[in-house]
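Q: Below: one structure in structure tokens.
The values are calculated or read from the model by the stated rules, or taken from the named source; none is laboratory data. Keep in mind that what you see is a predicted model, and the values were worked out from it rather than measured. Note that each Cβ is placed from the backbone with ideal geometry, even for glycine, and that neighbours are counted across all protein chains shown. Just the protein is used for accessible areas: all its heavy atoms, side chains included, with ligands, DNA and RNA removed. Shrake-Rupley method; radii C 1.70, N 1.55, O 1.52, S 1.80 Å.
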Amino acid sequence: MRILAWHVHAAWMTSFVQGPHEYYVPVLPDRGHDGMGRALTYSWPESVREITPEELRTADFDIVVVQRPRELELFQRWTGRALGRYGVPAVYVEHNTPRGDVNDWQHPLAARSDIPIVHVTQFNRTMWDNGIAPAEVIPHGVPDYGCQYSGDIDSLVVSVNEPVRRWRVAGTDLVAQIAEQVPVSVFGMGTDELTAHIHSGLAGVGDVSQDELHRRMAMHFAYLHPYRWTSLGLSLIEAMTLGMPVLVVSATAAPEAVPPQAGVVSSDIDLLAATALRWLADPDEARERGMAARAHALAHFGLARFLDDWDRMLKEVSR
């Protein structure tokens, strides 16, 4: 199949483009949010090709994968064609949780029955008011990055982009609390800004390639997932796949994604910090938890299942 999809979430897209199809990603000269083109720090296959708005006007696709409301308008403006019942078949992938007052959590496509909404977690589907739109769930899937865990560095590790701007959403304030008791290293875009806000126990490492991120994450003794409000967070699943034990704030879809044997999921920040200290003193327990986390991630978030689910969805919508 010929699939058009904007490059929005690089980690999710990295899994999605591993399928047997041809993938086209819009590109603009400035590689801004509406045309980022191919990922620069992730490994994408040659089947992913960049396409300009001018080339889009005459290109044919079997289906368009939409991930933001504005992409419906962009596609029509760039191609002169519509999406859905009277145009090119489309699905809408909802990566995010709703914002604002709970009574206003109506999805932007809630009034349309011709474009299915595919949520990445059951949590997402439950939180959104999907209206008359068909709503399904295709859980995350990640490649097997191998069991890389060593736990040699006596520091927790967090992966989050823009931790200062997304302070409470990403749980950066909770990271600061834990860093008062246990050192924490934070990877991601904008982490260099952390030193102006948190003065002890925390190190902002910066943004690195996906391969480098996984290698360096796995050197830390445990992964900390502090998010208050998101669908789940692929970095959590990736850490589990690497064989890392995990400490997780009990929010979002995380309680359903992490079994008890893989780590600790709790809203008690003191308990998470105390568990980290216990694992520092007992690396054998940390390693045992990490092995359980890896086994669970491979069984429930494997790439093969993810791609099979998406093949089924794409065929149903495009026929």
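Q: Checking residue 41 against (1) under 20 Å from residue 309 (Cβ atoms); (2) open to solvent by 20 Å² or more (accessible area, probe 1.4 Å); (3) among the hydroxyl-bearing types (Ser, Thr, Tyr): exactly one of these is not met. Which one?
A: Of the numbered conditions (1) under 20 Å from residue 309 (Cβ atoms); (2) open to solvent by 20 Å² or more (accessible area, probe 1.4 Å); (3) among the hydroxyl-bearing types (Ser, Thr, Tyr), the odd one out for residue 41 is (1).
Q: Let me ask something else about it. Could you check the stretch 21-53 and list, in sequence order, the residues that are of a type outside the set (A, V, I, L, M, F, W, C) and either in contact (Cβ under 8 Å) with a residue 60 or more places away in the chain or closer than 22 Å to residue 84 by Cβ (or both)?
A: 21, 22, 23, 24, 26, 34, 41, 42, 43, 53, listed by residue number.
Q: Tally up the residues in the stretch 87-112 that are out of contact with any helix residue (DSSP H, G or I) (no Cβ under 7 Å at 6 or more places or on another chain), open to solvent by 20 Å² or more (accessible area, probe 1.4 Å) and in contact (Cβ under 8 Å) with a residue 12 or more places away in the chain, please.
A: Residues meeting the conditions: 5.
Q: Could you check the stretch 301-319 and list, in sequence order, the residues that are open to solvent by 70 Å² or more (accessible area, probe 1.4 Å) and touching a strand residue (DSSP E or B) at 6+ places or on another chain (Cβ under 7 Å)?
A: Within the stretch 301-319, no residue meets the criteria.
Q: Take the residues in the stretch 154-166 that are without any contact (Cβ under 8 Å) to a residue 60 or more places away in the chain and in contact with a helix residue (DSSP H, G or I) (Cβ under 6 Å, 6 or more places away or on another chain); name whichever of them is surrounded by the most Cβ atoms within 10 Å (Cβ to Cβ).
A: In this case the residue turns out to be 163.
Q: Pick from 307, 280, 272: which is closer than 15 Å to residue 140 by Cα and touching a residue at least 12 places away in the same chain (Cβ under 8 Å)?
A: None of the other options fit; the residue is 307.
Q: Hey, can you tell me all the residues within the stretch 1-17 that are touching a residue at least 40 places away in the same chain (Cβ under 8 Å) and in a loop (DSSP other than H, G, I, E, B)?
A: 1, 6, 8, 9
Q: Can you name the residue in the stretch 60-75 that is open to solvent by 10 Å² or more (accessible area, probe 1.4 Å) and either closer than 15 Å to residue 2 by Cα or at pLDDT below 95 (or both) and is also farthest from the chain's Cα centre (by Cα) among such residues?
A: 60
Q: Suppose we keep only residues that are part of a loop (DSSP other than H, G, I, E, B) and basic (Lys, Arg) within the stretch 96-150. Which one would you say is farthest from residue 234 (Cα to Cα)?
A: 112
Q: Looking only at the stretch 230-266, count every residue that is under 20 Å from residue 13 (Cα atoms) and of a type in the set (Val, Ile, Thr) and tell me the total.
A: Of the residues in that region, 3 qualify.
Q: Taking the stretch 128-175 as the region of interest, how many residues are over 19 Å from the mean Cα position of the chain (by Cα) and hydroxyl-bearing (Ser, Thr, Tyr)?
A: 3
Q: Between residues in the stretch 242-269 that are farther than 12 Å from residue 293 by Cα and residues that are assigned to a strand (DSSP E or B) and of a type in the set (S, T, N, Q), which pairs lie under 9 Å by C-beta distance while being six or more apart or on different chains?
A: Pairs found: 248/266; 249/266; 250/266.
Q: Oh, and also: What residue, of 115, 132, is of a type outside the set (Asp, Glu) and open to solvent by less than 60 Å² (accessible area, probe 1.4 Å)?
A: The unique qualifying residue is 115.
Q: Quick check: is even one residue across the stretch 54-61 touching a helix residue (DSSP H, G or I) at 6+ places or on another chain (Cβ under 6 Å), touching a residue at least 60 places away in the same chain (Cβ under 8 Å) and on the phi < 0 side of the Ramachandran plot?
A: no
Q: Within the stretch 11-38, take every residue that is open to solvent by 10 Å² or more (accessible area, probe 1.4 Å), among the aliphatic types (A, V, I, L, M) and out of contact with any helix residue (DSSP H, G or I) (no Cβ under 8 Å at 6 or more places or on another chain) and give me the one that is farthest from residue 68 (Cα to Cα).
A: Among those residues, the one meeting the criterion is 27.
Q: Let me ask something additional. Has the stretch 269-285 got any residue that is assigned to a loop (DSSP other than H, G, I, E, B), charged (D, E, K, R) and either at pLDDT 95 or above or over 21 Å from residue 125 (Cβ atoms) (or both)?
A: Yes - at least one qualifying residue is present in the stretch 269-285.
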